[in-house]
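K.L.:
Sharing a structure with you now.
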Amino acid sequence: MRSSSISDKVYIPSTPRKDLALFLKRVANVVPGLHVADVDIPLNVLCKDDQKLEQVALGREFHISLGRTVPIRVHQIDSVLAMLRQKLQSQKRYWIDFSKWEVFVNDEQTRTFLSMEVTTGGLVEIHEEYFGKLKSSNARPMLEMMWAVVDNLIRYGFVVQNVKHLQP
C-alpha cells in the first residue's frame, strides 16, 4: 500500500510590510546565498526590485510549520483533511506573535532556515489535540522566511543575531 506524508501547516494571509522588506534587505546584504522559502528564488535578486521583493517574498500566503510531517496512507488524505476542516471550524480565533527571529536546521542537516518563531498563540494546543504531542522538545511552530545551505546561516549566525535588533 502506498503511503505519503502530510505536513501539518497552517496557512495565513499576509499584507506586505515595508519594515519587513527592509529587514530582509539588510539580512541579504550580510548573509550570502539566502533564498526565499517556498519559492526558492535568491533573495539578493529580489532585493534589486522593491516591487518584486514585496510581491514574491512578502505578498504570498505564508504557512506556519507546526512540527514534523505526519505519515499517512494516500487513500486517507481526503478523509484526514475533511476531518481537520470540520474540527477546526469551531476553533476560536487567537493572536499570534511573530516577534522572534530564529535560525533552524532541518533534520537532514542540509538546510538552515531564518524563521519567525511563533511565540504566543494556540498553535501548540491545536497540534497536540489533532496530531498528538510534539515529538521533540525543540520542535516549535515557525514561519520560514528564508533558507540557505546548512553552513551559510550557521557561519553567519552571529550576523543574524546582530541584525535581530532591526526586527520589524
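Rule-based calculations on the coordinates, nothing more; no lab input. Treat the numbers as computed from the prediction; the structure is a model and nothing was measured. Positions of Cβ are backbone-derived with ideal geometry, glycine not excepted, and every protein chain shown enters the neighbour counts.
K.L.:
With a point put 7 Å past each Cα toward its Cβ, work out how far K100 is from V30 in nm, to one decimal.
P.N.:
If labels sit at K100 and V30, their model points lie 2.1 nm apart.
K.L.:
Per residue of the range 83-90, what does 6.51 cos²θ - 1.76 cosθ + 1.60 with θ = phi - 60° give for ³J(HN,Hα)? Whole Hz please, x for Gly and Pro, Karplus curve as stated.
P.N.:
After applying 6.51 cos²θ - 1.76 cosθ + 1.60, I find 4, 5, 4, 5, 5, 7, 4, 8 Hz.
K.L.:
Each label point is 7 Å from the Cα along the Cα-to-Cβ direction; what then is the distance between the points at E108 and D40, in nm?
P.N.:
So the label points at E108 and D40 sit 1.1 nm apart.
K.L.:
Could you give the length gained by full extension between L88 and K18, i.e. 0.36 nm per residue of separation minus their alpha carbon distance, to one decimal place? If you can, show how the numbers build up before the last one.
P.N.:
On the way: separation 70, 0.36 × 70 = 25.20 nm, distance 3.20 nm.
Full extension from L88 to K18 adds 22.0 nm.
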